[in-house]
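Scroll down for the structure; my scribbles are underneath it.
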Amino acid sequence: MRLGRFKAGDRVFIGAVRGDVVVDLEKTAATREGFLKDKPDFSEMNSMLTRLDDLAALLKGDHESRVVHPLSGLKILPPLTAPDKIICIGLNYNEHAVESEMELPEEPVFFCKFKSSIIGPEAPIMIPKVSNQVDYEAELAVIIGKRGKHIPEEEAMEHVAGYTCFNDVSARDLQFRGGQWIKGKALDTFAPLGPYIVTKDEVSDPHNLKIGLELNGRMMQDSSTDKLIFNIPRLIAFLSQLFTLEAGDIVATGTPSGVGFTRQPPVFLKPGDVVKVIVEQVGELVNPVVAEA
Ligand code: ZN
């Protein structure tokens, strides 16, 4: 399934994209006898992620009884707006650690963003007044679908609901000033996400996906998730030793080489730019860039 949040008029709903239409999950469920008995919250992606089998069952069978909307008539919202945690892994591709002149980490390095950082596809990335070194980072984000603590590596993939594209937008001047990174990473609009959560059954191998980023149509990052230093089970096992992972949590797995600040001369985002994150089998996430008003 490709699950997204959509807006039609004043109504926000969660749907499954099928070609050029979106299946309205709540309205389709209402046509199925017994499906709403335990009253799932159809407006909330975190709870939908714990019911992927039910949603898949809803999409099977009689085509006529599905309530659909043409995708072209809908606004696409960020697929998640209220994760308990947004965890971003740093320095998880060899060549990116080298270009950043940082030591290769012996265990995963991470930092966090806030809910207020999230924007969806086509929403503008805002260059804040306090930075003139805003950079891009294409990343594969893992979306957790099942709560867990102390998750063993062998069971880690059972806790994954799916994947989406993520842009770890970073203000380098703030990031490298003062010894910790959150100040340069957790600003408003610095977590573009989407367009959809692609459930794991639709991705052949998350550790063998082309990942790239285009800035104004020019390829700036071009790599593969087969270069991840710490793979997804390792990350989930490591993080879940520290805190409980919840359905809806986002784990951004790190960026490959080709970011702006390591280039000669450096490349930073400016108003009018358009940034596109591309992850094979997962999608394309496009965001324009504006200045803070
Ligand atoms: Zn990153």
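Any idea of the accessible area per residue across the range 117-268, 1.4 Å probe, to the nearest Å²? List each step's numbers first, then the result.
Details: 5610 Å² over 152 residues.
Dividing the accessible area of the range 117-268 by its residue count gives 37 Å².
Placing unit charges on the Cβ atoms only, positive for Lys and Arg and negative for Asp and Glu, gives the range 52-136 a dipole magnitude near 620 debye about its Cα centre. Descending by average beta-carbon neighbour count within 10 Å, the peptides 7-20, 79-92, 111-124 line up as 79-92, 111-124, 7-20, the highest first. In plain terms, the bigger the Kirkwood radius, the slower the diffusion; for the chain, with that radius from Cα pairs, at 37 °C and 0.692 mPa s, Stokes-Einstein puts D at 169 µm²/s.
Relative contact order, whole percent, for the range 86-291 stands at 34, derived from Cα pairs under 8 Å and 6 or more residues apart. Relative to the longest principal axis of the Cα atoms of the chain, the long axis of helix 232-242 lies at roughly 90 degrees. The helix-based estimate of mean residue ellipticity at 222 nm for the chain, built from -39,500 (n - 2.57) per DSSP H run of four or more residues and divided by its residue count, is -3500 deg cm²/dmol to the nearest 500. Listed by chain and number, the lysines whose alpha-carbon sits under 27 Å from that of residue 60, ignoring those within fewer than 8 places in the same chain, are 7, 27, 37, 39, 75, 146, 200. Think of the chain as having a plus end and a minus end, set by charges on the Cβ of Lys, Arg, Asp and Glu; of 143, 163, 128, 128 sits farthest toward the positive end of this dipole.
Evaluate the relative contact order of the range 2-77 (contact order divided by residue number), counting alpha-carbon pairs under 8 angstrom at least 6 apart; express in whole percent. Spell out each step's value before the answer.
Working: 100 pairs, mean separation 30.3, N = 76.
40 percent.
In order along the range 214-222, phi translates into HN-Hα couplings of 10, 10, 6, x, 9, 5, 10, 10, 8 Hz, rounded to whole numbers, per the Karplus curve 6.51 cos²θ - 1.76 cosθ + 1.60 with θ = phi - 60° and x for Gly and Pro.
Which percent of the accessible area of the chain is formed by carbon and sulfur heavy atoms (probe 1.4 angstrom)?
Details: 6460 of 12780 Å².
In the chain, the share of accessible area belonging to carbon and sulfur is 51 percent.
Charged side chains reduced to their Cβ positions (Lys and Arg at +1, Asp and Glu at -1) give the chain a dipole of some 800 debye around its Cα centre.
By per-residue mean of other Cβ atoms within 10 Å, what is the highest-first order of 269-276, 67-74? Before the final figure, lay out each step's value.
Details: 269-276: 16.9, 67-74: 14.1.
Descending mean neighbour count gives 269-276, 67-74.
Look at the Cα gyration tensor of the range 149-239: its axes a ≥ b ≥ c give a/c of at least 1.5 with a/b at or below b/c, and that counts as oblate.
The values are calculated or read from the model by the stated rules, or taken from the named source; none is laboratory data. Keep in mind that this is a model prediction, so the values were computed, not measured. As a convention, Cβ positions derive from the backbone with ideal geometry for all residues, glycine included, and neighbour counts pool all protein chains shown. Remember, those area values only see protein heavy atoms, side chains included, never the ligands or the DNA or RNA. Shrake-Rupley method; radii C 1.70, N 1.55, O 1.52, S 1.80 Å.
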